[in-house]
Each structure stands twice: as C-alpha cells, then as structure tokens.
1. Has region 923-937 got any residue that is assigned by TED's automatic domain parsing to the domain that holds residue 1102, crowded, with 17+ Cβ neighbours inside 10 Å and of a type in the set (Asp, Glu)?
2. Assess whether residue 807 counts as being surrounded by fewer than 17 Cβ atoms within 10 Å (Cβ to Cβ) and hydroxyl-bearing (Ser, Thr, Tyr).
3. Does residue 1152 count as in a loop (DSSP other than H, G, I, E, B), crowded, with 23+ Cβ neighbours inside 10 Å and touching a strand residue (DSSP E or B) at 6+ places or on another chain (Cβ under 8 Å)?
4. Looking for whichever is assigned to a strand (DSSP E or B) and within 30 Å of residue 293 (Cβ to Cβ) here; the options are 109, 70. Which one fits?
5. With (1) touching a Ser or Thr at 6+ places or on another chain (Cβ under 7 Å); (2) within 18 Å of residue 1078 (Cβ to Cβ) as the list, and residue 1044 as the residue in question, which single condition is left unmet?
6. Quick check: anything in region 683-692 closer than 23 Å to residue 759 by Cβ and assigned to a strand (DSSP E or B)?
7. So, in region 953-972, how many residues would count as being within 15 Å of residue 1102 (Cβ to Cβ) and assigned to a strand (DSSP E or B)?
8. At least 1 residues that are among the aliphatic types (A, V, I, L, M) and touching a residue at least 40 places away in the same chain (Cβ under 8 Å) in each: list the strands (runs of 3 or more DSSP E) lying fully within region 1206-1261 that qualify.
Amino acid sequence: MRLWLRCVLLFVLSVAPALAQPRFERMAALHETVVSGHEASGIVGMFTYDHDPQFWLEYLALGKLLVGVQNSGGTRWLHEAKDLLVRNIPAGEGIEALGTVAGKRVRVQVLPTARGRDTQRWEGSALFIITCQPKARLVLRYGGIGRVRIHGFRPQLPSRVDYLMQAEFLPTPAEEQAVDLQPWGAVLHTRGLPLSVAVFVEKDASTRLFQDGAFVGVEYDAERDRTALVAAFAQDKERAMALARVRPDVLEKECRQRFRSLRASAWIQTPSRELNDAFRWSLINMEYAWVRPYGWIESLHHWGTFYSQQHNMAADWIGQASRSREMLLTHARHLLPSGQVPQLHPNGQTRLDFGGWNQFYVWGVEHYWQHTGDRDFLRRILPALQRVVKQTFEEHDPDGNGLLGFGQQIGNQEDYISTPEDGTSPTIAGMEMQRILGRFLEAAGRKEEAQACLRQRIRMWRALRENLWMPELGRFAFYRDSLGVLHLEGQYHTLIWPVLYCPLSVTEQYTSMRHLADTLTGSEGQVYCSNNFPRHVMATVGSQAGGQQQPWATLAWAKLGDGERAVRPLEWIARRVVQPPNLGSWPEVAEELPAYFTPPAGVFVWGVIEGLFGLKRDIPGRWLQVAPCLPRGWRYAELHLPDIHLVVKQDATSVRILLRQQKPLHTVYRLHIPPNRGYWIKVNGRGEMTYREEVAIRGNFVVFEAPPVRFTEVLVRWEPLPVEAHWWAQAEAGGMWNGVLFDPQHKVSYFGGADIPLYLKYIDPQDVLEEIDQAEDEGFFATIRTRIRPRAGDYGELGKRLLSRHTMFVECSAEEPGQNSFLMPFDFSIWDPTSPVPARLSREGGEWVLQFHPPMSEPGKEEVRPLSPQEIASLTPGMNVLRHVSTSDWREPLLRFDARPLYENEEWRALAKACVRHLPLPEDLLLPDTEWRAWRMWFAYGHPPWNGLQPPLQGLEGTALLEPSCVPGVSFRNPGRKALVVSRHIGRPSVTLLLSGKGRKVYLLVIPLLDNHDVFAPVAKVSVQCADGTLFSRTLHFPGDLDWWAPRRVVGDFATFGSDWQAPLSWETPSSVMNVVDIDLGAERGLLSVTVETIGRYPALAVEGVSVWGSPSLSASEQLPESVRWVLALQPRTLFEFNTPSLDGWEIRGTAWGVADTIGDPWGRRGTSRYFANSMAGGEQATGEILSPPFRITGSRLTFLSNGHGSRNYFALVDARTGEELRRAPAPNRTGLFVKNEWDVADLRGREVRFKAVDAEDGSAYAWIGFDDIVELP
C-alpha cells in the first residue's frame, strides 16, 4: 500500500474505539471470501472485495456472528468477555476468538472455504465452528450486511472497524435488510448489494431459528459443546443456497486438509525458529491472497488490488507454477492500450498507480519459464512481452540514450520516490527486460531480433557505466538529469541490483554493498528503502524499513558469499512476522498494524530459497544451481520443496550437501570457502573433480558440476588459514593510514613472523591512495590523496556519514600469487580538513566559548575554545566560521557555528537591527503564491499528505517585515503574498538583483521548492558581485543547505524541519519552511549585484527577501545600548556612504556639490555606493565645500575613496567645534575607479570631528573632486 494511504488509514483508525487499546484485526481468506475478527471485541465476520468500480478498495460485509451463552441471568456474550483472545489459528486455516462466558470456555473458529474458489465467479463461503466447555445452551446471531469502508476516501460509508467492534452496529439500516427464514437457516439480502447471503445452521430438534432485526437468531434449548454454521454468498440466490447447504464436518475436513497439504509441500528447518515459522506463515499469507485468475491480493487488510505480483517467484518453487502462469497470462490479456501492465481489481477492472510494475512482470515471466520450459506459454506470452518492453522504453527512454527513468514507486513500499530521468535502477531493469525479451525471441527461433536485444543491453550497460558509475565512491548514483546534474544517493536497489545483474568486479560489488551496510542497514540487520527522506512515517528514523527490501539484500550478500549478513535481513523481518503484534500476519513496514501484506511474503520465500539456500533453476537450459550461503555458525539447514530436497551440514572445516531432485538436472555448485591453505572436493564419493576458483571477499568461491541424478552428495573440506585485519578506521585527506593482516592464532603479523607467508597485492579501486609502503610487522602505510570528491561536507553532517567512507583491498594467497586468492577489505572514513567542523556557541562562566568534537578523535570527546572580544565582535547572525588554533592539535580545523545564542540577547538583537538594511524586490518579477503548483514540476503532490499543502505565504499577511527566528535581529521586507520565483520550469532559471552600498553579509530569505528526487545534489547557487571585482559564490545543496519547504503541520514526519536533515538556518511558518541563505563577504565591501540561479532541471527557489548586514548609521549607533557599543570600536565601521541620491545631513557651501549616479556615468566613476558626492554637480567651474555630520573618533584609522583633479581641491578632517584642520589629502588626479585614502587617527580617539571636501578650482576642465565610503577602522 502506498505510504500516504497508510497515513490516512492510521488517522481513521485513531478515532475509532478499537484503538483505545493496541489491538487489531485478525484476518484470513480464500479466493474472494475474507474473514476477520477484532482483538478488542471477539466479533467475527465474513467479507468480500467490493466489485463496484465506484467503491474500489472497499469491502462488502456479509454478516457477523455474535455468540452467547444462556444462563439463569439471561444471555452473556463472547464480545463481553474480559479475557478475549483473537488470533489466526496456528495451523493457518482461519481465525479464532476465545473467551470465558458465564464460566464457560467459548471458542469460535472461522475458516474461509475453497467452495467457489475456482469458479471465477463472485462467490464463496465460510465455516463458523463454535465450541463450548463445559456444555451450555448457546445463542447465535448472524447478519448485518452492507458496504463498509477500509480507508478514509469515502467517509459516508461506515468503517469495517466499527462494524466489528460494535455488536449492534449495522452498515445498512435494519429496515432495508431482509431475513428470509428457511427450514435449514436463512437467506439475507439488502438493498444496493448485488449479493445474496445464505446461512446454513447445524441444528437438531432443540434448535429454534428466528428473525432478530437484521440478524438470523439461533437458540439451542439443549446444552451443546459444539455447533457450526456455514455462510455463503453469490450473485444468484440459488447459488448462495447451494454453497451454504454443505455438511460442516465435510467443509472442516476440506479446510484443514488444504492447509495441512500446504504446510507439508514446502518448509525449511534451520537453527532460527523464527525464520522457519515466518517461512510457513509466508505460504499461508500467500494462500489467503490468491484470487483466480488475477493473482495475489496485495493486502487483505487495506489494499484489495493486485499490484506488483512478485509472489510468482515463490509460487514457482512451492508447486504453484500453474498460478504463476494464470496470473501472467491474465495480465497479458488486460494490458493497457499503451502496452503497460495494469493493476487489476478483483472484478477485472484495470488501473495504473505510480510508476507501474512492468519490470517485475517481465522478471516474473522469465522466472516461470525457467521453472517450466512451457512452450505454449512462450507462444502466448511473447506478443505481450514485446508490447510491455516497447512501452517501457517509449515512455521512460524518450531520448533513446539507453538510460531510463521511472515514475514513482519502482517497487512496493517505495512511496514518493521518483526517478525522473536517467537512473541506475530503471536502466538496470531495462537491461534485464532486453535480456529476457532476447531470450524469449531466441527460444522462439527469432535469432536476429534476439541479437538486437543483446546489442541494446550492451549499449545500455556502457551508457550506465559511463554516466552513473562513481569510481570515487565505488557505487552507482541515483540518476543524472538532462542538464548533467548527478544525484548521488539512491535507494537500496541502486546498490543491490548492480551486484545481482551487472558485470561488476568483486571489489565493486563489495563497495556497493558496503554502502548499504553503512547507511541503509540497521542494528538488527534490517535494510531500509532509502536515505531520500529525513524520516519515514511509521518506520525507523532515516528511511522506511519493510518486508520488501530484506530478501533483495539477502540475495546480494549471498552473491558475495557473506552468510552472516545474508541471513540477518530475513531474520529481522521474520521476527516481526511471528512476534506481536503481527503473530503470523505479514506487515508492510516495520512498525505497523497486522496488514496481511503479501508481496513481502512472496519475496521472503524467494529470498530464502534463492538467497540462503542458493537454488536457481533453468529447465530450458537443463541446469540447477546450488550455492548455499549460510552463517558459519549454522551446523544444519534443510529445505523441502515439492520436487527438491536440500540438506546442508557444515562445520569450521567442511560442508556436506545432500540433494534430491524428482526431475534431475545438471547441477552447478558454487560454494564460498573461507581463507584456506587448500581444499578437497568429493561428489558421490568421487574425488577427481574439475573445478574453477573465483576470488571472493574473505575467501574464494569454488565452482564445480555434477551430473543429472536423483540424489547427489557433495563433500568439500579445507585447511583453514586464520586471518584477521586491523586498521585505522579514520584518516585525513593528505595524511597517513595504516593497515595490517594478523594471524590470530600465533598473534603475529603476516608481514613478518607468520609461519605461512602471504602473497599480497594492494587494490585501490576508489583511487584514494597515492602510495603504499610495506613496513614488516607494522603492516602497510598509505598516503591519502589531498583532494577527495565529492566533498562530503557539502551535505552537512548527514553527507559526512554517507559520502566519506572508502575501501581498499589486499588480495592474499598462501600459495603462488593468483592461486587460491582471497580479498581482505579495509573500510575507513576520510576526513576533509577543508570542511568546517560543526561547533556550538554557548556562554560559560561569563565568557563566550565554542564547543566541538575534534576531528579524528574518539566519540564523546569535546573541546572548548574561548572567543576573544575581537572574535565576538566579528560575529553576525547566521553561520560564522573561525579557525581553531591549538598547541595540542596540529590540524587547526575550521569551526562553523550559528551565532543565534549571542543574538537572542535583547541588546545584541538591537545591534543586529541597526546593522541590517532591506532591499526591495522588483515588483514586475513577483508572482502570487496561489500559483505555486505551476512554479515547478511536482511528482507526488497530488496525494496525501502533500495535497494538503497551502500557498506558501499564507498566514504571513499583515506584517511589514518577515523576521525569521533563526537569525535574530535580521528581517526582510514582506512582499505580501508574492515571491520572486527562480525556476527553469517557468523560463527563469536565474535572476540578478542590483545592489548598492556596502555590506559584510548578504542574506536571502528563500522558500526551497524541492521534491524528493532533488536530494543529494546541488540545487542552486547564489553569487554576490562586489565593487572591487571580487565574486563570492555559494552552491546550495539539498540536504545540507536547504530544507523541504513543507511544514510539519501538513506533512508530519516527512518534513526535514525538526529532523537531522534540518538546514542550519530554517524558519517554519504556518504554510511553509523557509531558509535564510547568508553570504559572508569577510569584510565590508561595495556591492553591485546578487544572482540566484537554480542547478539542474527540476529545483526551484522562491525569493522572499534580500537584506544586507553593514555598519549602522551614525544616528543608529548613538541609540545602541551601552553594552554593545564596544563592538563598533572593534570592527570596521562605515561612517558615510551614498546609497540614495541625497546629501541629507551634510552641510553644503557654494554651488558645486551634489550627487552623481554611477550607473551610466560617462567616465566610469565608481566607488562602492550606487551614488557618490560630486563637486561637478554645479558645473566644472562651480566651487564650494561640503561637511559631514559630526562623529566621534573611536578607531585608529580613517579611510575614504576619492576621485577628481585640481591642485587647490582637497579633503580634510576638521574639529567639529573649532573647525581646526586635523588631516588633509589632495585630489588624486584620477578619473574612473575611486582610489583609497587612509589617515592615522589614533591620536584623535574621543574627539568629535567632521569630514570636509573642498572644490576651490574654478577652471573649465579637471576642476572637480568626488568621494565615497568613509570608513573608520579599529
């Protein structure tokens, strides 16, 4: 089921009385007969899937059974019992409810029957068996039929939970229901339901039947310890009666025998009891879900459609290949007009959700063919197979480059994940589709077409390797968009499918799976879907962990020969299946109610058989592979299938395999042997075997063959070679790293002192080492390259966890090099010293300090770095960087931290407000936020919870300023319900805003309009052009720098805000999450422009404001609290600049002085401001002088920018009270860019002065001066 539907479902259930306690439904089914009982009530009922297209996914309630016991005090009911237990019958035949009623132990078992199962008609029946110990006078009530809902889509319908929780609850009013009593029972029907329900009651002379409203009542005057009734349904009344009037004892025998035969047909016996039980429950859940001819229902509990029918990969092994055949051919007949494989409903209606399941269908087609060699199937399926493959490439490879994208949800439980363009997993799926189509064409004798498919697959592999393989990380990327932007981090199949389906080297297989182990594997071995979400609703923090992912990981680890890792994902999901709350029900994800979710059950069986036991069969090719991959600690494991029986016995020095085949095939054995000094193979007692070796991780594979006989016994023995590895887990780029191979028995290094020398070869597939030196007993030392790409720190601390891990290998052999070789991996993290270390600003003991975890140090260690007054004075709201200089740590890392704790103080916040000036956004470029859905391409936003998003500026009306709490004191002018949108989708991939004046930091307030598939890539860039020619650029990554814009109020745990993904400067508003992007210029500089551009095809930003941090005006400085005025004396302070065409506050004498605009100036005159003071305003011959407002000297130097000519023209600093000239500078005799002048004014500290400029030249040329940007330095 899609994740958003689970959210809806949980919301609906949360308001139901059933969830007053953590209790759930228990369910079973056969064909279209579904039975259910609620743990909290003990009420059981019969249901069927709704065939009405307008009520798809809903159920028809076909009656519930109320069981009572009569005594002198009246009737006591089972649903009132205090000790209720409702569960699946341990043998799987159905469900049962048990409880004590009036001192009697009452049990109700409900068994869906196979009657009507193979008719392909909408009909079925259930057997209700009631037992009572000791005997009692029983009362039964059965009835209450109607339509019920299982989701929140149709709130006008009553819910199935209410129906089962409340005895008198009716889905249809009683007056609309009819109960036609019969000598043997009754027939029920109601208006609007196309079915009749017949109820057959086991009765004797003491039995009384009567109508009780919408129920048929049954009273037994004599005490009984057992009774039964059969409820049946059909579209035809007579047919329903025929199905119901069957002896209950005959039905019971049929039901129990069916499941007895099912359990005996396929089973496993391993040291893991939970694994064994989960295997059994997998078969039972699949049996519940089979509906002929369509396939296996996805979930009895909440998703009654046929989606992603991967069950057939289990069915082919357990004797149900005929079901696979029927399912595959039925879907072939129902292909959509485009050729796409549909999702089907039980009524045969087709639909299409998300990205479809073409690839799994094609894989299922081959799996059935491999297990049967069915030539008639080949003939019938081939046209459909061609259509499906053709449609896949037409839709998902429109540019024909051989690299595919897919829509949402490449498989089960991967909700919202989209691969919009050239992606790894879709391309591998496409390669497999071409291979399979080619194989079928070859089998059909169409060799030329088959060769074309093979060539296409080869071309796709080359394109995949060239465009998406990341050698520096040793794995494939998620996808690359049409503009060439690579998205690094994919899903579990991005890592697993290359191992299973691509010609990777052993080291490449390992590094791909090592990343799965590092970042997508939990402490119990569970495998998560992706790192593409900050959290996954109802699942483990990080990403969703469900049943679907686990077997895929098992197969990949098994291919590497790692039995310990191969079994853990299966054991993890097995525990969740057999332990509460599931107790036999297969869940969809880890933390969820019992769902009877069957696709994971099917792939679990497949994973056990083909992963742990290593069976692969190809009847057309006439071979069987046996490659068990079990934990070394398992001494015994057994697999029983209808036509194969496999036993594996092993110890520390041998493995024995016993194989029985009903239809013998040529058998290929592939066994992983740990490091050894030699090994011996015997097959059926013969020791002279032809075999080949394959180098492997921590051992090698030995591959040999056996003839097609019914029974084969294989024995492999070896002499162990104990090897352990020790190495540094962390290294620094540009630094040293050490590793050593160790003999744990003799406690000596294999680099010297061991009794058996190892031949060694060093392999560095990720090219992170510059040189390797061997140093006898100390092992080997390597130098790490200085530049490691990609930069893990670009994605914040999360990126460091995901992108800093690397592996080098040592190929070892105790014999001659290249013989009996094995690979020892060394996994380590590389720290980039150019990447800032996160730190926390706090106040301790009256001083401000930074706390941080030193790089390359042990966990939990923290250092404290005090800040000097000069450093404190340099801090600005937002992110700041300081270098840590320490006598004890030569690394001197950069520390990056948020100054928020400082500016949350009221006085410091006043300083910030004085330093910030707002820039208006161009009105002609603003778009109303009500149009947000048109600002970019969205993939999942039509579904809950995303469809609950509102215009992003809603709730911010009526405020003149936007004041993000993440940057106290910094504010932005509110543009109203409008935004400056930067988006390639609307034809505006970049925008440049003109700036003027000076600033130390530029702040942008943006709404990051991002989607799931934008993750782990650069999404935007902000550049500030300064007047001195310097360009400051910052590339923004997601995650790391930006958030998802959706607030928690709407999307809950999908929000990045409040998670480990949260960007440093985030602000959650009523309708969106905004980010503040700050560009630190290092010092106050003249500003010309800021450019915002998106990177890639899909990301978009909505700019809500631009503000600049600079020196406060003189008037603002005078109004600051005394407690922060000292800051001004420790920082450069701009006293005067000209950002507007005004000289307000300046004293002007004569006719010369005014302002000039730098834009359009014919001589290119420019300082740092948009305007400058200009004595040519009154004409070249005009003269005069200008004096600044008075100001007090607090620093040591004064600088200003000047331009112009004239020997009598000059600039001066004068006493504000007396006019005494204190400093003088001549005109620079220059036109164009202004030049810098500097005066030493340390001796004038505390004195009130004025800046003065004099134009005394009255000539007709070169008789003017200008100035700008008067700055005081500390």
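The values are calculated or read from the model by the stated rules, or taken from the named source; none is laboratory data. Just so it is clear, the model here is predicted, and its values are computed rather than measured. Note that each Cβ is placed from the backbone with ideal geometry, even for glycine, and that neighbours are counted across all protein chains shown.
1. yes
2. No: the conditions fail for residue 807.
3. Taking the combined requirement at face value, the residue satisfies it.
4. The unique qualifying residue is 109.
5. (2)
6. yes
7. Final tally of qualifying residues: 2.
8. Hits in region 1206-1261: 1210-1215, 1230-1240, 1248-1255.
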